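This structure is in structure tokens; I'll ask about it shortly.
The values are calculated or read from the model by the stated rules, or taken from the named source; none is laboratory data. Nothing here was measured: the structure is a model prediction, and the numbers come from that model. FYI the Cβ positions are ideal-geometry reconstructions off the backbone, even for glycines, and counts take in every protein chain you see.
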Amino acid sequence: MVKRGKFDYGTLTKIYCVAILVNNILPYDDFHTLANLRNEKAEIFDDQMTFVTVELDKFMLQEADCQTNLEKLIYTMRTIHTVTQPTQFPKFWDEEWLKVAIDELDSRKMTPDEKASFEMLVARNAEAVKAETQKLNLEKAKFVKYLLNEGNKTLEQVADIVGSSVDFVKSVQRQLFDK
């Protein structure tokens, strides 16, 4: 509901935007990064909103090294799909807050309708990712063809420029010669 008049915005609850990524996108070594909104002078102008980015590929701690709740949660997210026997459970999975989180994510406790809906969502997402990957690879292949047709770069240079493997460049090169 919108109210007119004076309002104390300083009493608003903080907002945390959390992005949990499988791959690495940020140029930092840390597996998690906090960010606030800044103006063009790099001054924080809003500390009410914090952006948290977690990159799972950068998380390398082993079970025994996990001390903080964040480390325990990230370890759980990275490994829960590989654990099949209760004897493999880390001791910290007995902590109440982690039990709740694990229970919430356990698809075995879903109703048949919930599970079917979840599986359809996962399948749709997988198809969308596959289509986008194919589109990106097609664009990459066009760029590789262009660079190869220039004739002044090695396969390694083309791969480096495009951001792909030399094998990908070779496969595009074979397609060019097959035509």
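Which number in (1) closer than 23 Å to residue 25 by Cα; (2) without any contact (Cβ under 8 Å) to a residue 24 or more places away in the chain marks the one condition that residue 178 misses?
(1) is the only condition that residue 178 fails.
Let me ask something else about it. Can you find, within segment 17-69, the residue that is modelled with the highest pLDDT among those that are farther than 30 Å from residue 89 by Cβ and among the small types (Gly, Ala, Ser)?
Once the filter is applied, the top-ranked residue is 35.
Is there a residue being part of a helix (DSSP H, G or I) and surrounded by 12 or more Cβ atoms within 10 Å (Cβ to Cβ) anywhere in segment 119-130? Walk me through it before giving the result.
Initial filter on segment 119-130 (part of a helix (DSSP H, G or I)): 119-130.
Next cut, surrounded by 12 or more Cβ atoms within 10 Å (Cβ to Cβ) only: 119.
Yes, segment 119-130 has at least one match.
Here's something else I'd like to know. Would you say residue 145 is assigned to a helix (DSSP H, G or I) and either at pLDDT 85 or above or within 27 Å of residue 32 (Cβ to Cβ) (or both)? Write out each step before concluding.
Values: assigned to a helix (DSSP H, G or I): yes; either at pLDDT 85 or above or within 27 Å of residue 32 (Cβ to Cβ) (or both): yes.
For residue 145, the condition - assigned to a helix (DSSP H, G or I) and either at pLDDT 85 or above or within 27 Å of residue 32 (Cβ to Cβ) (or both) - is met.
Each row is one residue, and each column tells you yes or no for (1) in contact with a helix residue (DSSP H, G or I) (Cβ under 8 Å, 6 or more places away or on another chain); (2) within 19 Å of residue 176 (Cβ to Cβ); (3) in contact (Cβ under 8 Å) with a residue 24 or more places away in the chain.
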| position | (1), (2), (3) |
| --- | --- |
| 118 | yes, no, no |
| 123 | no, no, no |
| 129 | no, no, no |
| 132 | no, no, no |
| 136 | no, no, no |
| 139 | no, yes, no |
| 146 | no, yes, no |
| 154 | no, yes, no |
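Based on this model, can you work out whether residue 100 counts as touching a residue at least 12 places away in the same chain (Cβ under 8 Å) and either part of a helix (DSSP H, G or I) or of a type in the set (S, T, N, Q) (or both)?
In short, no.
On to the next question. Return the total of residues in segment 72-122 being small (Gly, Ala, Ser) and under 22 Å from residue 56 (Cβ atoms). Working first, answer last.
If we filter segment 72-122 for residues that are small (Gly, Ala, Ser), which is where we start, we get 101, 107, 116-117.
Retained after the next criterion (residues that are under 22 Å from residue 56 (Cβ atoms)): 101, 107.
Residues in segment 72-122 being small (Gly, Ala, Ser) and under 22 Å from residue 56 (Cβ atoms): 2 in total.
Another one. Can you tell which of 115, 140, 153 is surrounded by 11 or more Cβ atoms within 10 Å (Cβ to Cβ) and assigned to a loop (DSSP other than H, G, I, E, B)? Lay out the reasoning, then the answer.
Working: 115 fails: assigned to a loop (DSSP other than H, G, I, E, B); 140 fails: assigned to a loop (DSSP other than H, G, I, E, B).
From the options 115, 140, 153, the qualifying one is 153.
In addition: Hey, could you check segment 102-134 for residues that are small (Gly, Ala, Ser) and modelled with pLDDT under 80 and say which is farthest from the chain's Cα centre (by Cα)?
107
Could you check, for segment 73-86, whether at least one of its residues is aromatic (Phe, Trp, Tyr), surrounded by 13 or more Cβ atoms within 10 Å (Cβ to Cβ), assigned by TED's automatic domain parsing to the domain that holds residue 17 and closer than 20 Å to residue 25 by Cβ? Before you say what the answer is, go through the steps one by one.
Filtering segment 73-86 down to residues aromatic (Phe, Trp, Tyr) leaves 75.
Next, only the ones that are surrounded by 13 or more Cβ atoms within 10 Å (Cβ to Cβ) stay: 75.
Checking the rest, the ones that are also assigned by TED's automatic domain parsing to the domain that holds residue 17 come to 75.
From the residues that got through so far, the ones that are closer than 20 Å to residue 25 by Cβ too are none.
No.
Consider segment 26-63. How many of its residues are part of a loop (DSSP other than H, G, I, E, B), among the hydrophobic types (A, V, I, L, M, F, W, C) and surrounded by 10 or more Cβ atoms within 10 Å (Cβ to Cβ)? It would help to see each step written out before you state the result.
At the first step, the residues of segment 26-63 found to be part of a loop (DSSP other than H, G, I, E, B) are 26-31, 39-43, 59-62.
If we keep only those that are among the hydrophobic types (A, V, I, L, M, F, W, C) too, we end up with 26, 31, 42, 59-61.
Next cut, surrounded by 10 or more Cβ atoms within 10 Å (Cβ to Cβ) only: 26, 31, 59, 61.
Residues meeting the conditions: 4.
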